[in-house]
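The values are calculated or read from the model by the stated rules, or taken from the named source; none is laboratory data. These numbers were taken from a predicted model, which means no experiment stands behind them. Every residue, glycine among them, receives a Cβ derived from its backbone with ideal geometry; neighbour counts consider all protein chains shown.
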């Protein structure tokens, strides 16, 4: 139930924050490149306001849908899980938007330490969750309420992240959101501009999370728990790729605004090569030692997560190789390519899930997810080349200004 609840919170974040976050980073970084700090502050303030409203509304809607039993496989939803989705769905989008405000202002080292994802946490939320798990494991009296304690640890980590981001943004020379800059019209404009990106985010939810719900529907609780573990561990395959992808939107926006196309393309190819190399190394380690590691760390009951983990890892390596085309497409306003990629990937992923999960179980679901991820990134990669002329993948040729 924990994996399903965290997946629901992840959906809320994707809908409420991912689109606004990417658009606001682009707009703020371009405003700062033009030395227009008042405009940058207005975007920061209204983006946080829009995310806060959208997070509360989306979290309430998600909890309402879950309370009806949709996607739970005839399981009852506990009150603690329902409250977790509501509170987490309201809290996580705000935390992630505050981190995006740091990225937009080029506080990349700070944002790197705070970078977070709802399903896996970041440095601070992950540490708090780890401490909570250690406490639960060491005190038998808490085990009857283990799920509640884990939920509380998750939320406490994100609350501390919000507090820390607020303190950092309050420092000298940082642009802190101001209530006086809030405008309903501006928030509505940001939400409208982020619509295509939200569509892409929903597609990514289908690609990276629908497999968990299919496993839950077709297989059962034990398989869902094992698959949830695999889906979490696979993020380490693209840890470097995800980190770089979280940090570069501000830099991309700045170089784009300054017309430095060759410098931008060279940077993206180098970063794609770095991400692909790191992902390949982790994939090899998973293939060679993953099964033994799962048994040693979480026990023989989760040994079945190894093959799904390998299949998912292949998809994440393809993602790393194809680079950061979506960031460029958002910056350039080429949302049509993102829409086409999202639609095609969703259709491919859902069709593969329906076909492979009943027959091949967790491995089939993982293969379907990897297929959807590959379809999405292939279309955005080559669509970016066609629309902007910028090559983002790891095999791209680096061209310097003196080569023209």
Look at the range 23-47 and say how many of its residues are under 11 Å from residue 191 (Cα atoms) and under 21 Å from the mean Cα position of the chain (by Cα). 3
Can you tell me which of 251, 295 is within 22 Å of the chain's Cα centre (by Cα) and surrounded by fewer than 21 Cβ atoms within 10 Å (Cβ to Cβ)? 251
Residue pairs qualifying under the 6 Å Cβ cut-off, at least six apart or on distinct chains, with the first in the range 158-170 being without any contact (Cβ under 8 Å) to a residue 12 or more places away in the chain and the second being part of a loop (DSSP other than H, G, I, E, B), are 170/176
Pick from 131, 86: which is in a helix (DSSP H, G or I) and farther than 21 Å from residue 205 by Cα? 131
Which one is nearest to residue 215 (Cα to Cα), of the residues in the range 10-47 that are crowded, with 24+ Cβ neighbours inside 10 Å and modelled with pLDDT of 90 or more? 47
Checked 188, 171, 178 against criteria (out of contact with any helix residue (DSSP H, G or I) (no Cβ under 9 Å at 6 or more places or on another chain) and under 30 Å from residue 45 (Cβ atoms)); the one match is 171
Please work out if residue 335 is surrounded by fewer than 21 Cβ atoms within 10 Å (Cβ to Cβ) and free of Cβ contacts under 8 Å to residues at least 24 places away in the same chain. no
Just give me the residues in the range 181-226 being closer than 14 Å to residue 365 by Cβ and over 24 Å from the mean Cα position of the chain (by Cα), in sequence order. 218, 219, 220
When you scan the range 172-240 for helices (runs of 4 or more DSSP H) that lie fully inside it, which ones turn up with 3 or more residues that are assigned by TED's automatic domain parsing to the domain that holds residue 350 and closer than 30 Å to residue 356 by Cβ? 195-218, 221-233
